[in-house]
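The values are calculated or read from the model by the stated rules, or taken from the named source; none is laboratory data. All values reported here derive from a predicted model rather than from experimental measurement. Heads up, the Cβs are rebuilt from the backbone with ideal geometry, glycines too, and the neighbour counts pull from every protein chain shown.
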Amino acid sequence: MKKFQRYITILLLISIAVVFTACGASETTAEDENVIKLGVTASETEVWDHIEEELAKEDITLEIVSFSDYTRPNIALADGEIDVNSFQHYAFFDNFKEEHSLDLTAIGETVIAPIGLYSSKIEDVSQLKEGDEITIPNDETNSGRALILLQSAGLIKLDEKAGNLPTTKDITENKLNLKITEIDAGTTARTLDDVAAAVINSGFAVDAGFIPTKDSILLEPVNEDSKPYINIIAVRSEDKDNELYKKIVELYQTDEVEEIVNELYKGSQVTAW
């Protein structure tokens, strides 16, 4: 009888331990569900600080994960390391997910960030000389975008058949024999002391201390042809209807964020919604 009572007591203790463990697991899961990991590359500190504060009012934690290049954020999203990312435009996104067979979806639009040509040696594109070197991003979409920008200034001509994604092989005319060097987008700003000019994405330009509308010697126009370059908020396709992630889009597409963007970028970024 005593052995039987001890046996019953042990069973009861085990049952209680299981219940408490399950409760603890449920609480942890509930907490995890209210944490959103957002992947970014450029700073946009004020914008995300504002959204973080707004989400906190609803007991939702926004955790910012910064990446130093354009490759990792989409891979990390697909692998589940982050829940959402916001750093890229449609052209880059569509091309990248096709090349890497990623099942990702855009759930909202943010801004258009014009790409620009910068220099520490000249103040106008007319000052470029024979054989000068220009660095541009090496990823397919931003490389093409940079080449189109150089064409808009009359520095080169591109094959019309190349469309929105020309490569250096599509250059049909280069009167100054400019040396166009492709490097990682995140490092173009660092080359300014060594080259005549560099094409820098807006986010990286701001990170380097530039105001694109003021400091660039050539800035991409924003018009009806800009659709491919609208920046987006992306998730895994299975999460495209997730109300928590949609909340980020709702909070981004507000008058308050538009004011922050206008103040922060001085017109160098234009809200797209």
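Checking the stated criteria, residue 173 turns out not to satisfy the condition of being surrounded by fewer than 18 Cβ atoms within 10 Å (Cβ to Cβ), touching an Asp or Glu at 6+ places or on another chain (Cβ under 8 Å), modelled with pLDDT of 95 or more and of a type in the set (D, E, K, R).
Among the conditions (1) closer than 28 Å to residue 191 by Cβ; (2) of a type in the set (Val, Ile, Thr); (3) out of contact with any Pro (no Cβ under 9 Å at 6 or more places or on another chain), the only one that residue 206 does not satisfy is (3).
In the stretch 115-151, of all residues being of a type in the set (S, T, N, Q) and surrounded by 15 or more Cβ atoms within 10 Å (Cβ to Cβ), the one that is farthest from residue 231 (Cα to Cα) corresponds to 119.
Filtered by the rule that a residue be surrounded by fewer than 16 Cβ atoms within 10 Å (Cβ to Cβ), in contact (Cβ under 8 Å) with a residue 24 or more places away in the chain and of a type in the set (S, T, N, Q), the stretch 72-104 gives no residues. How many residues are of a type in the set (Gly, Ala, Ser) and either without any contact (Cβ under 8 Å) to a residue 60 or more places away in the chain or outside the structural domain of residue 89 (by TED's automatic domain parsing) (or both) when one looks only at the stretch 227-267? Residues flagged as of a type in the set (Gly, Ala, Ser) and either without any contact (Cβ under 8 Å) to a residue 60 or more places away in the chain or outside the structural domain of residue 89 (by TED's automatic domain parsing) (or both) within the stretch 227-267 amount to 1. Considering the conditions (1) buried (at least 19 other Cβ atoms within 10 Å of the Cβ); (2) more than 17 Å from the chain's Cα centre (by Cα), residue 234 is excluded by exactly one of them, (2).
The C-beta contact set for the stretch 120-134 (first residue in contact (Cβ under 8 Å) with a residue 24 or more places away in the chain, second residue part of a helix (DSSP H, G or I), distance under 9 angstrom, 6+ apart or interchain) comprises 121/127; 125/150; 133/191; 134/146; 134/150. In summary, residue 195 fulfils each of the numbered conditions (1) crowded, with 22+ Cβ neighbours inside 10 Å; (2) assigned to a loop (DSSP other than H, G, I, E, B) with the single exception of condition (1). If you take the residues of the stretch 176-192 that are under 24 Å from the mean Cα position of the chain (by Cα) and of a type in the set (A, V, I, L, M, F, W, C), which of them is surrounded by the most Cβ atoms within 10 Å (Cβ to Cβ)? Here the residue is 185. Kindly check whether there is at least one residue in the stretch 147-170 that is among the acidic types (Asp, Glu) and within 25 Å of residue 213 (Cα to Cα). Checking the stretch 147-170: not a single residue is among the acidic types (Asp, Glu) and within 25 Å of residue 213 (Cα to Cα).
Just one of 224, 256, 182 is among the charged types (D, E, K, R) and under 21 Å from residue 71 (Cβ atoms); which is it?
182
Only one of the numbered conditions (1) among the aliphatic types (A, V, I, L, M); (2) over 25 Å from residue 48 (Cα atoms); (3) touching an Asp or Glu at 6+ places or on another chain (Cβ under 7 Å) is not met by residue 218, and that is (3).
Among the residues of the stretch 113-137, those identified as within 22 Å of residue 71 (Cβ to Cβ) and modelled with pLDDT under 95 are 113, 115. Tell me, please, whether a residue that is part of a strand (DSSP E or B), under 25 Å from residue 181 (Cβ atoms), more than 20 Å from the chain's Cα centre (by Cα) and charged (D, E, K, R) can be found in the stretch 116-124. No: zero hits.
Note on the stretch 237-266: residues that are loosely packed, with under 14 Cβ neighbours inside 10 Å and closer than 17 Å to residue 202 by Cα amount to 2.
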